[in-house]
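The values are calculated or read from the model by the stated rules, or taken from the named source; none is laboratory data. From a predicted model like this one, the values you see are computed outputs, not experimental measurements. Because the Cβ atoms are built from the backbone with ideal geometry, glycine has one as well, and the counts that use them run over all protein chains shown. Heavy atoms of the whole protein, side chains included, go into the accessibility calculation; ligands, DNA and RNA do not. Shrake-Rupley method; radii C 1.70, N 1.55, O 1.52, S 1.80 Å.
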Amino acid sequence: MTQRKIIHLDCDCFYAAVEMRDDPGLRGVPLAVGGEGGRGVVTTCNYQARKFGVRSAMPGAEARRRCPDLVTVPVDMARYRAVSQQVMAIFRDLTDQVEPLSLDEAFLDVSEVDSHRGSATLMAEYLRQRVREETGITVSAGVAPNKFLAKIASDWQKPDGLFVIRPEDVAGFVETLPVEKLFGVGQVTAGKLHSLGLSTCGDLRRAEPTMLVERFGRQGLKLYEMAHGEDNRPVVVTRNVKSISVERTFSRDLPDKSACDLVMEALVEDLGRRLMRKSRQKPIHKLFVKIRYSDFSTHTLERVREPVRAPLTADFAPLLAELMTDTERPVRLLGLGVRFRNDEAPVTQLRLFD
Ligand code: TTP
Ligand code: MG
């Protein structure tokens, strides 16, 4: 197998970083995004707030109990998405082998990149610098021979850090790596491992694989592989689906608008199924309908309609009403669909070890 060169990049306290960039008054204070008022949870917080134990997904009240001086600002996804697009565009400038994992992180396979003397370390520094200069936020990077180690490496020197695991460093690095750092190892599994005397990947490497499988089933094998620093998953370049639509051409024209209304219900159901399959996570930005009359003239109408997760017939009905001014005209094709907000998040989150 050829040796890969993978870079994992992950922006530091991403939403909070954007907020601090845009409001200097927020820079010197412990800051959380979301969780303001009585309800809601913190999405993220800056590193100053982390010193007090504030964390992502913590209820706002708990966060303020831990850090009474905490400043909170509301979530503003549109701004974070715009910065995310800029960041991903910088990554794609270096290589098209980019796999975004969320708005603020991505894997890059730079095995075939010749620029920067072919050095993944220089590439990572270059990307970090460009993101800082062009977007005003910092991103941490990990360089390693595979995805699993690159992701651990990007976290190693956070914030604003770079950590490199060269192929010859892998064995030494995983030897002392705590099992908690392995993907899929939460408190429960960690507790079980500790009770077996296994607290580092070195311990895991020396364990009997059969014993691991007996105790942990399939996960046991994964643990064993990860403890050896092995991971063969390729970087998967995820295509950014921009819209989903359904349409139907009728062998006999629909006679009028009320017939179209009926058919529309079925189309909306179809669309719902496709949305579930293809893009349940993606925020919808626009709805559109399309009709082709019996004389083949084709018309579409598109309207901003957000935020809608699963649009209903009632959401499309006003568009059809607006588009179909002559309700008695026979229709040969009817279609409808959604356009997604243009962000860089992948269509579906890939499960790491499946
Ligand atoms: P992360 O990269 O996990 O966190 P972060 O960028 O805020 O901080 P770090 O420096 O440790 O990387 O997530 C990216 C963004 O996703 C984060 O800024 C806010 C959002 N997010 C949530 O909305 N809820 C969550 O539970 C988490 C973990 C993140
Ligand atoms: Mg991050």
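Residue by residue, the stretch 42-52 carries 3J(HN,Hα) couplings of 6, 7, 7, 8, 6, 5, 4, 5, 5, 4, 8 Hz when phi is fed to the Karplus relation 6.51 cos²θ - 1.76 cosθ + 1.60 (θ = phi - 60°); x denotes Gly or Pro.
When only the Cβ of Lys, Arg, Asp and Glu is charged (+1, +1, -1, -1), the dipole of the stretch 173-304 relative to its Cα centre reaches about 240 debye.
Overall, the accessible surface of the stretch 15-77 at a probe of 1.4 angstrom is composed of carbon and sulfur to the extent of 55 percent.
Where both residues lie in the chain, what percent of DSSP beta bridges are antiparallel, nearest 5? Present the calculation step by step, with values, prior to reporting the outcome.
Working: 44 of 50 bridges.
Roughly 90 percent of the DSSP beta bridges within the chain come out antiparallel.
Farthest toward the positive end of the dipole of the chain, out of Gly53, Thr176, Val188, is the Cα of Val188, where the dipole comes from beta carbon charges about the Cα centre.
Here the stretch 134-198 and the stretch 319-336 have alpha carbon centers that stand 56 Å from each other.
Find out how many positive minus negative residues lie around Lys290, taking Lys and Arg as positive, Asp and Glu as negative, among other residues whose Cβ is under 12 Å from that of Lys290.
On the way: positive: Arg248, Arg292, Arg332; negative: Glu247, Glu302.
Net charge around Lys290: +1.
Accessible area per residue for the stretch 243-340 in Å², computed with a 1.4 Å probe and the full protein assembly in place, what is it?
On the way: 5290 Å² over 98 residues.
Dividing the accessible area of the stretch 243-340 by its residue count gives 54 Å².
Computed 3J(HN,Hα) for the stretch 310-318, one whole-Hz value per residue from the Karplus formula 6.51 cos²θ - 1.76 cosθ + 1.60 where θ = phi - 60°, is 10, x, 10, 3, 4, 6, 8, 3, x, glycine and proline marked x.
For the stretch 191-258, the share of accessible area belonging to carbon and sulfur comes to 50 percent (1.4 Å probe, ligands and nucleic acids excluded). Each principal axis of the Cα cloud of the stretch 15-77 was taken in turn, and the coordinate range along them, longest first, works out to 26, 24, 16 Å.
On the principal axes of its alpha-carbon atoms, the chain has extents of 76, 51, 46 Å, going from largest to smallest. Given the stretch 243-340 reduced to its alpha-carbon atoms as identical point scatterers, what log10 I(q)/I(0) does the Debye formula return at q = 0.11, 0.14, 0.22 Å⁻¹? Here the Debye-derived log intensity ratios amount to -0.29, -0.47, -1.08. Across the stretch 244-255, computed HN-Hα scalar couplings (Karplus, 6.51 cos²θ - 1.76 cosθ + 1.60, θ = phi - 60°) run 9, 9, 10, 8, 9, 9, 9, 5, 10, 4, 6, x Hz from first to last residue, x flagging Gly and Pro. Over the C-alpha trace of the stretch 170-227, radius of gyration and Dmax come out as 10.0, 27 angstrom.
Database remark: amide H of His285 closer than 5 angstrom to the amide H of Arg339, Phe340, Arg341 (H placed geometrically; neighbours at sequence offset of 5 or more, or on other chains; Pro and chain starts carry no H).
Inverting the mean 1/r over all pairs of different Cα atoms, compute the Kirkwood radius of the stretch 186-324 and quote it in Å.
Numbers: mean 1/r = 0.0503 Å⁻¹.
The Cα-based Kirkwood calculation yields 19.9 Å.
Taking amide hydrogens as placed 1.01 Å from N in the peptide plane, the amide H of Ser119 sits under 5 Å from that of no residue at least 5 positions away in sequence or on another chain. As a ratio to 2.2 N^0.38 Å, the alpha-carbon radius of gyration computed for the stretch 94-142 takes the value 1.12.
Would you look at the GNM of the chain, springs on alpha carbons closer than 10 Å, and say which of Arg132, Arg305, Arg252 moves the most? Maximum among the listed residues: Arg252. Per the Debye formula on identical point scatterers at the alpha carbon atoms of the stretch 294-337, with no solvent, log10 I(q)/I(0) at q = 0.18, 0.19, 0.32 Å⁻¹ is -0.60, -0.66, -1.42. Using Cβ point charges alone (K and R +1, D and E -1), the dipole size of the chain about the Cα centre works out to roughly 520 debye. A cut-off of 5 Å between modelled amide H atoms, ignoring neighbours fewer than 5 places along the same chain, links Leu177 with Cys201, Gly202. Summarised as an ellipsoid, the stretch 100-227 has semi-axes of 32, 15, 12 Å, derived from the eigenvalues of the Cα gyration tensor scaled by 5 and square-rooted, with the largest first.
Can you give the angle from 0 to 90° between the axis of helix 77-94 and the longest principal axis of the chain, with both taken from C-alpha atoms, to the nearest 10? Taking Cα atoms only, the helix is inclined about 70 degrees. May I ask you to derive the FRET efficiency for Ala57 and Thr210 from their Cβ-Cβ distance with R0 = 56 Å, giving the value to the nearest 0.05? For R0 = 56 Å, the calculated efficiency reads 0.90.
With each run of n ≥ 4 DSSP H residues scored as -39500 (n - 2.57), what mean residue ellipticity at 222 nm is computed for the chain after dividing by its residue count and rounding to the nearest 500 deg cm²/dmol?
Values: 13 runs with 137 residues, N = 354.
The helix contribution divided over the chain gives -11500 deg cm²/dmol.
Can you give me the Cα centroid spacing of the stretch 83-123 and the stretch 220-250 in angstrom? Here the answer is 17 Å between Cα centres.
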